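Undergrad: Got a structure for you, questions after.
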Amino acid sequence: MPKKRRKLSKEMEADMTAAKRKIELISALINDIRDEEIQEEYMSAFIHIRSVVVNLVAKYTTDGFCRETESLLSSYQELIKNFEEEYEL
């Protein structure tokens with residue numbers, strides 16, 4: 001029996017690319033913080049956001065556009081918004 005084809009979404013792919021770039025940028029900014037305590041605080045607050053993006057990319061790669069990937073993208077957008085409001089980089 002042939003494999004089921006993944007449903008793809010150009011818009012979601014663009015959003016994921018932007019999310020990966022933002023993750024890289026914020027990670028670099030956090031790594032540039034000289035005070036280790038502050039750096040640790042920012043990194044611990046940011047680690048969950050990074051894992052959501054990693055999970056999103058992995059899920060999209062295997063399953064394509066689906067409810068779970070939509071949910072992960074929505075979760076990322078909410079988390080990054082809250083992070084940017086709470087932490088100043």
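The values are calculated or read from the model by the stated rules, or taken from the named source; none is laboratory data. All values derive from a computational prediction rather than experimental measurement. Note that each Cβ is placed from the backbone with ideal geometry, even for glycine, and that neighbours are counted across all protein chains shown.
Undergrad: Spot the failing condition for LEU8; the list is (1) touching a Phe, Trp or Tyr at 6+ places or on another chain (Cβ under 7 Å); (2) surrounded by 15 or more Cβ atoms within 10 Å (Cβ to Cβ), and only one is missed.
TA: (2)
Undergrad: Continuing with this model, one more query. Identify the single condition in (1) assigned to a helix (DSSP H, G or I); (2) free of Cβ contacts under 8 Å to residues at least 60 places away in the same chain that ILE26 does not satisfy, given that it satisfies every other one.
TA: Going through (1) assigned to a helix (DSSP H, G or I); (2) free of Cβ contacts under 8 Å to residues at least 60 places away in the same chain one by one, ILE26 breaks only (2).
Undergrad: When region 36-89 is examined, which residues are found to be of a type in the set (D, E, K, R), surrounded by fewer than 16 Cβ atoms within 10 Å (Cβ to Cβ), closer than 23 Å to SER9 by Cα and in contact (Cβ under 8 Å) with a residue 12 or more places away in the chain?
TA: ASP63, GLU70
Undergrad: In addition: Specify which of the listed residues (TYR76, TYR87, TYR42, TYR60) is at pLDDT below 95 and aromatic (Phe, Trp, Tyr).
TA: Being at pLDDT below 95 and aromatic (Phe, Trp, Tyr) holds for just one of TYR76, TYR87, TYR42, TYR60, which is TYR87.
Undergrad: Name the residue, out of LEU25, LEU29, that is modelled with pLDDT of 95 or more and either of a type in the set (Ser, Thr, Tyr) or in contact with a Leu (Cβ under 6 Å, 6 or more places away or on another chain) (or both).
TA: When all the criteria are applied, what remains is LEU29.
Undergrad: For the condition among the aliphatic types (A, V, I, L, M), surrounded by 15 or more Cβ atoms within 10 Å (Cβ to Cβ) and more than 15 Å from the chain's Cα centre (by Cα), what is the one hit in ILE30, ILE26?
TA: That would be ILE30, the only listed residue that is among the aliphatic types (A, V, I, L, M), surrounded by 15 or more Cβ atoms within 10 Å (Cβ to Cβ) and more than 15 Å from the chain's Cα centre (by Cα).
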